Amino acid sequence: MAQKRFRYRLQQILDLKIQAEEDEKEKLAKLLQKQEEEKAIKAQLEQKLVQIRVELKEKQANGTLDINALRFFPQHIEFVKGQIVNQELRLKEIAIRIAQQRENLLKAAQERQSYEKNKEKNHEKWLAEIEQEENKMLDELATLKYAREAST
């Protein structure tokens with residue numbers, strides 16, 4: 001007797017849940033990459049601020065600081081500080097988006113797991129039914145064999 005294969009009737013939904021979880025993972029990965037890029041930009045700005053301050057001190061020490069430079073450097077320092085503050089705000093925004101995305105990923109994973117558990121339970125139930133059918137068939141064969149032996 002050919003044994004029928006197990007078929008999970010909600011397999012298409014499970015496949016969609018698996019795909020949704022993969023999509024959420026990709027979104028999280030992109031956000032984490034964006035966060036690293038923004039951190040690198042902030043580090044560059046901080047390095048630029050240090051260089052400006054070093055240049056200002058060198059000009060003061062050399063005595064080559066003129067009136068235009070006296071106006072330029074403080075304005076330039078404040079401008080770069082403002083850029084750093086803006087970059088910090090971007091990083092905070094991305095951190096919030098990452099936290100939200102992690103929540104989305106967690107929900108998607110939980111949904112997938114619930115369907116996988118359901119599939120596993122259905123498979124176990126199917127196996128039990130197959131075993132029950134096999135036992136019933138073996139009992140019938142044993143009864144037939146006993147009946148044949150008793151009639152001879």
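Readers should treat all values here as calculations from the given coordinates under stated rules, not as data from a laboratory. Remember, predicted model here, so these are calculated numbers, not experimental data. Reconstructed Cβ throughout: ideal geometry from the backbone, glycine too, with neighbour counts over all protein chains shown.
The convex hull drawn around the Cα atoms of the chain, when projected onto a plane and averaged over every direction, covers 15.0 nm². Loop-located GluC sites (Glu not before Pro) in the range 9-105 (DSSP state other than H, G, I, E, B) with a sparse environment of at most 12 neighbouring Cβ atoms within 10 Å are absent. Which of Ala99, Ile41, Ala128 sits closest to the plus end of the dipole of the chain, meaning its Cα is farthest towards the positive end, when Lys and Arg get +1 and Asp and Glu get -1 on the C-beta? It is Ile41. Other residues with beta-carbon under 14 Å from the beta-carbon of Lys39 carry, at +1 per Lys or Arg and -1 per Asp or Glu, a net charge of -2.
What does the extension gain come out to for Glu131 and Leu89, with contour length at 0.36 nm per residue minus their alpha carbon separation?
Fully extending the segment from Glu131 to Leu89 adds 8.9 nm.
Compared with the dominant principal axis of the Cα atoms in the chain, helix 11-62 is inclined by about 20°. With a simple spin-label model that places each label point 7 Å from the Cα along the Cα-to-Cβ direction, the separation between Gln35 and Glu124 comes to 3.7 nm. Using the Cβ of Gln113 as centre and a radius below 13 Å, the other residues enclosed give a net charge of +2, where K and R count +1 and D and E count -1.
Partner lysines whose Cα lies under 19 Å from the Cα of Lys136, excluding those fewer than 8 positions away in the same chain, are identified as Lys4, Lys125, Lys145. Note on Glu22 and Lys59: their simple-model spin labels are 5.7 nm apart, each label 7 Å out from Cα toward Cβ.
What you get for the chain, charging only the Cβ of Lys and Arg (+1) and of Asp and Glu (-1), is a dipole of about 440 debye around the Cα centre. Beyond 22 Å in Cα-Cα separation lie the following of the pairs Lys27/Lys107; Lys30/Lys119; Lys27/Lys81: Lys30/Lys119; Lys27/Lys81.
Summed over all non-identical Cα pairs, the Kirkwood treatment of the range 9-58 gives a radius of 14.2 Å. The region of the chain that goes longest without hitting one of the trypsin sites (Lys or Arg not before Pro) in a DSSP loop, each with at most 12 other Cβ atoms within 10 Å, is 10-152.
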